[in-house]
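Working notes, structure below.
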């Protein structure tokens, strides 16, 4: 069990807040709360791709058991967005690398590389398509079962270019604030440690300005390791040009 | 008199000048009369398109003013001027179109950004972080990409490859044990060099990939990949001729893999067998960087205004691994404080307190903020190389003076600037010698390391322990 709570206790004391802050060690589902209800639940639970290793389950448990009627949750809204990117050079570096390692064929590791989403910083100029809102969470109403989702997306290309990967990021909102506070972890925003999540396609899509890549994004907790995610992506390039038509499905483990 | 005999004239009238007959060339299609712009090469006019798509081919008026001097489409100066003006106007229009297109592109870029912004309504939009952060130390999937990181460390992998390639005779027909083979790269280098048999032992799941890679590269008859700890696997032979391994961790001994390699040596290495690497040295040097040290020491003092200095208590300061410590910050001579002979060293000697050092601080330096530690390994032993001229030595160094490796250097920042007493804070470093001792011991967590440095700066003594976890 993490012992950081001991440090937290000391820090609270040093800053003269012991009368206000009570530190309890244990899992949310197991501890005994000294109050039956609370007015506000605050938590920084978000993981990469919003849901990887996220503590959202725990926050929802707390909501269901302890949040007073009309109580508030901070933050209360989270949204996952997607876009298509051109990432030829880096893909070569990360994936193509395994084709020839000191003259040896290391392609078995290429498959592993492709099956793992990559958490990295993506520049806005790499984005070829418009962003698309894919999945929204309202922390007041969502249930743990709803976190296994399958949602459609449609990404419209804004220039003629290649698409090597689809990326995902999330936005967070605190709507209860008098002036709503929000931040994004998108490629257009300031750096955060969550960066963006990159899903490499096995093929390269050649898209023309105005064409759409449509598909579905599905995510569910892994059966064996609850904090891991099984993600699948289905995509299709909507084009009238037969030579460029592309469609596929990919599975990822995060 | 004109050269054209048909027009012998003895006197000229005004009307003669107005008549073009004297301007007709003797030679038809006289090349001297052509201007370069009028020479139309196949396909050329089509290529001269501007972004707006309009043709900028030579205006018809110009084309006809050259070769065609036989009466059709003759132009006066006024007409030629008019044609030029038309061309100019056309060019101006095209420039305007280009300008508009550029403006539109800029607008689109802005609109696009706004679209992303609008979607998230994020007031904090700033320039996207410049230069993707492709830091290798920041990867949450270290399990697989650590192998990419190591394979891409050219200094490291080249050293092993070069050594094996330069000393094939050492490997030909031999039995080799690769401890911790990872993706199998070292085993394949050995097989390539003519090893008869290679046992590649790997305890992590990456062994499956190693098996596949060995097969895909046709080495399945030579290399056998075994899954498990070297202390536990069943080796089909009693002894091996060579033990090869890339076991080095930060500050050399972090991760504690050397323990397993020495176990393998004691149980499997034939008499006179080779350890690769054969020797390792540890080095220490003083560094001075008051700004960095202050930041490092003071971080927890004020975090968003709260005092979090409790984070430093009960826990030794940490060793920081720097990707490539700036040589300019090292202000003194470096000193080797430990030599490890991998053929003979005992396991218990991997924890020691007698790593003695002595270095000289650069003149004029007023503050020493801590120590930098790094290592070298020699792939061949001194004896082997000396006794046998044909053995080519290869040294792999992680010194701050050398090319960057994924090990970087280990930096131990002292709690207080060295040379001053902890309570009075007076800086009192004199130029000259510092003597001291480095001690390594194993930490509580498996693989963790505790580094202790005790120093004596002409009577001013101090000591500190850092954790590498």
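The values are calculated or read from the model by the stated rules, or taken from the named source; none is laboratory data. Keep in mind the model is a prediction, meaning the values are calculated, not measured. Using ideal geometry, Cβ is built from the backbone for each residue, glycine included, and neighbour counts are taken over all protein chains shown.
Scanning region A:79-95 for residues that are more than 23 Å from residue A:192 (Cα to Cα) and in contact with a helix residue (DSSP H, G or I) (Cβ under 7 Å, 6 or more places away or on another chain) returns a single hit, A:95.
Of note, residue A:112 does not satisfy the criterion of being without any contact (Cβ under 8 Å) to a residue 12 or more places away in the chain and out of contact with any helix residue (DSSP H, G or I) (no Cβ under 9 Å at 6 or more places or on another chain). The set of residues in region A:141-159 that are exposed (fewer than 14 other Cβ atoms within 10 Å of the Cβ) and touching a strand residue (DSSP E or B) at 6+ places or on another chain (Cβ under 7 Å) comprises A:148, A:150, A:152. Restricting A:64, A:89 to residues that are farther than 20 Å from residue A:134 by Cβ, within 13 Å of chain B (Cβ to nearest Cβ) and more than 22 Å from the chain's Cα centre (by Cα) narrows the list to A:89.
Scanning region A:127-146 for residues that are touching a helix residue (DSSP H, G or I) at 6+ places or on another chain (Cβ under 6 Å) and outside any loop (DSSP other than H, G, I, E, B) yields one hit, A:144.
For residue A:76, state whether it is more than 14 Å from every other protein chain (Cβ to nearest Cβ), in contact (Cβ under 8 Å) with a residue 40 or more places away in the chain, crowded, with 16+ Cβ neighbours inside 10 Å and out of contact with any helix residue (DSSP H, G or I) (no Cβ under 8 Å at 6 or more places or on another chain). For residue A:76, the condition - more than 14 Å from every other protein chain (Cβ to nearest Cβ), in contact (Cβ under 8 Å) with a residue 40 or more places away in the chain, crowded, with 16+ Cβ neighbours inside 10 Å and out of contact with any helix residue (DSSP H, G or I) (no Cβ under 8 Å at 6 or more places or on another chain) - is met. Output the residues belonging to region A:100-109 that are facing chain B (nearest Cβ under 9 Å) and either over 30 Å from residue B:154 (Cα atoms) or not in a helix (DSSP H, G or I) (or both). A:101, A:102, A:103, A:104, A:105, A:106, A:107, listed by residue number. When residue B:339 is tested against (1) modelled with pLDDT under 90; (2) surrounded by fewer than 16 Cβ atoms within 10 Å (Cβ to Cβ), just one condition goes unmet, and that condition is (1). I'm checking my understanding of the structure. Among residues of region A:145-188 that are away from every other protein chain (no Cβ under 12 Å) and free of Cβ contacts under 8 Å to residues at least 12 places away in the same chain, which one is nearest to the chain's Cα centre (by Cα)? Top of the filtered list is A:146.
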